[in-house]
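A.B. asks: Pasting a structure below so you can have a look.
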Amino acid sequence: MRRWIPLCAFLCLLAADEPAQNLLSNGDFEEVDVGEMYQQFDKGDRVGAWTVDSGSVDLTGKWWDAANGKQSLDLNGDKTGSISQTVETTSGEGYVVKFAFSGNPDNENPEKAVIEVLWDDKVLATLECDREYGKHHAMKWNRYSFAVKAHGDRGTLKFVSKTEGGWGPLIDDVSITKGDVFEDDATTRPATVPSSNEPQASINS
């Protein structure tokens, strides 16, 4: 006996298999191709759809292993930098921000790499991680997820280095997708908690 799957159920199954759309452009920093080393971008420059808001950043190629693809972004060029991107949103809807975070392995000093993450100019978290000096091809990437809520037709994600010098925090594989938010309307709670081998987030609620 044949079993027929209703068309609506079939379409729902297809939709469930589709990956969530990343609202960000160039979230893996594969634009522009910088080859084996790196290229510095200064305040006002564009890295694909990202804007350098302050200081300078380094788009880094195969000098060390990226979290995804072959390139990642160092938030310190020759000075402390920051970068942001604005995406279209629907007011009242929830979104999930995800990214990978590590530290420049060329700094032999013991200080941690520190980063601040903001959504619409509100701090989501201040994160820090230990550096893995010299381990260019054994990078320790920490992954984080945060639930945020849109309060207009546009939302801005921003990363700010809180590390002095030329060896900064690294980011890669950044995404914003539609997702659930917490019922208490908080916009600064983590959607997931990092695993035990990852640094804990400092959450500003």
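No lab work stands behind these numbers, since they all come straight from the coordinates. These numbers were taken from a predicted model, which means no experiment stands behind them. All Cβ positions, glycine included, derive from the backbone under ideal geometry; neighbour counts span all protein chains shown.
A.B. asks: Which parts of the stretch 91-122 would a label at Ser145 reach, counting a residue when its backbone N lies under 16 Å from a point 7 Å out along Cα-to-Cβ?
C.D. replies: 94-101
A.B. asks: Suppose every Lys and Arg Cβ carries +1 and every Asp and Glu Cβ carries -1, with no other charges. What dipole size does the stretch 20-199 come out with about its Cα centre, to the nearest 20 debye? Show your work: numbers first, answer last.
C.D. replies: On the way: 18 positive and 32 negative charges, 34 e Å.
Charge dipole of the stretch 20-199: 160 debye, to the nearest 20.
A.B. asks: Also, I was wondering about something else. Chymotrypsin sites (Phe, Trp or Tyr not before Pro), restricted to the stretch 78-134: which are DSSP loop and have at most 15 other Cβ atoms within 10 Å? Each step should come with its number before you reach the end.
C.D. replies: Working: sites: Tyr95, Phe99, Phe101, Trp119, Tyr133; in loops: Tyr133.
Here the sparse-neighbourhood loop sites are Tyr133.
A.B. asks: To continue, here is another question. How long is the stretch 20-199 along each principal axis, judged by its Cα atoms, biggest number first, in Å?
C.D. replies: Rounded to whole Å, the extents work out to 44, 36, 27 Å.
A.B. asks: Mind checking the alpha-carbon convex hull of the stretch 31-130 and giving the volume per residue in Å³? Walk me through the numbers before you get to the answer.
C.D. replies: Values: hull volume 11.7 nm³, N = 100.
Looking at the stretch 31-130, the number lands at 117 Å³ per residue.
A.B. asks: Sticking with this structure for a sec: Which value in Å does the Kirkwood hydrodynamic radius of the stretch 38-88 take, with 1/r averaged over all unlike C-alpha pairs and then inverted? Numbers along the way, then the final one.
C.D. replies: Working: mean 1/r = 0.0906 Å⁻¹.
One over the average 1/r among Cα pairs gives 11.0 Å for the stretch 38-88.
A.B. asks: To make sure I understand, if each residue's beta carbon is the centre and we count other beta carbons within 10 Å, what order do Thr80, Thr126 fall in, fewest to most?
C.D. replies: Values: Thr80 20, Thr126 15.
Taking fewest neighbouring Cβ atoms as first place, the list is Thr126, Thr80.
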